[in-house]
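K.L.:
Take this structure first; my questions come after.
Taken together, the values in this text are just the output of simple stated rules run on the coordinates, not laboratory data. These numbers come from a predicted model, not from an experiment. We place every Cβ from the backbone using ideal geometry, glycine too, and count neighbours over all the protein chains shown.
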Amino acid sequence: MEGKKPLKSERVKIIDHLGTLYATFNGNSMWKLDYAAYNLWKVCDGTRTVDELVNDLSKQIGHKPEDVKPVVEKILNQLSELNFILWVD
């Protein structure tokens, strides 16, 4: 993950059903997304490293980067396992 840049998969479709977010590739299987994961997924454009995303997010929410990084890494790992993001150099 170090030095890599997360890029959201173009195949993922997000569905908002009565305020609950779901992600799907084809409509057959769906995964519930919380808003933290969704907001992080939205900014994964392949141009910023994890550290850059962490720094941006920590400034937005007023927390130290070292406190934000473990949460961001955990969410990115989960998104990656589901193929919702890809890693680019």
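K.L.:
Long-range amide H contacts for Leu21: which residues qualify at under 5 Å (H placed 1.01 Å from N, peptide plane, sequence gap of 5 or more or a different chain)?
P.N.:
Those lying under 5 Å, H to H, from Leu21 are Leu33.
K.L.:
Put +1 on the Cβ of every Lys and Arg and -1 on every Asp and Glu Cβ in the range 8-89; which of Leu86, Leu33, Gly19 then has its Cα farthest towards the positive end of the dipole?
P.N.:
Going by the charge dipole, the pick is Gly19.
K.L.:
What are the ³J(HN,Hα) couplings of the range 73-82, residue after residue, when phi is run through the Karplus curve with 6.51, -1.76, 1.60 and θ = phi - 60°? Round to Hz, x for glycine and proline.
P.N.:
Values, residue by residue: 4, 4, 5, 4, 4, 5, 4, 5, 4, 8 Hz.
K.L.:
Note down the magnitude of the dipole of the chain about its Cα centre, charges +1 on Lys and Arg C-beta and -1 on Asp and Glu C-beta and zero elsewhere, to the nearest 20 debye.
P.N.:
Dipole of the chain, to the nearest 20 debye: 200 debye.
K.L.:
Report, in deg cm²/dmol and to the nearest 500, the calculated mean residue ellipticity at 222 nm for the chain, where each DSSP H run with n ≥ 4 adds -39500 (n - 2.57) and the sum is divided by the residue count.
P.N.:
-13000 deg cm²/dmol
K.L.:
Which is the longest stretch in the chain that no exposed loop site breaks, taking sites as GluC sites (Glu not before Pro) with a DSSP loop state and at most 14 other Cβ atoms within 10 Å?
P.N.:
11-89
K.L.:
Just need log10 I(q)/I(0) for the chain at q = 0.12, 0.13, 0.16, 0.21 Å⁻¹, Debye formula, equal scatterers on the alpha-carbon atoms, no solvent, rounded to two decimals.
P.N.:
Taking Cα atoms of the chain as identical point scatterers yields -0.35, -0.41, -0.62, -1.00.
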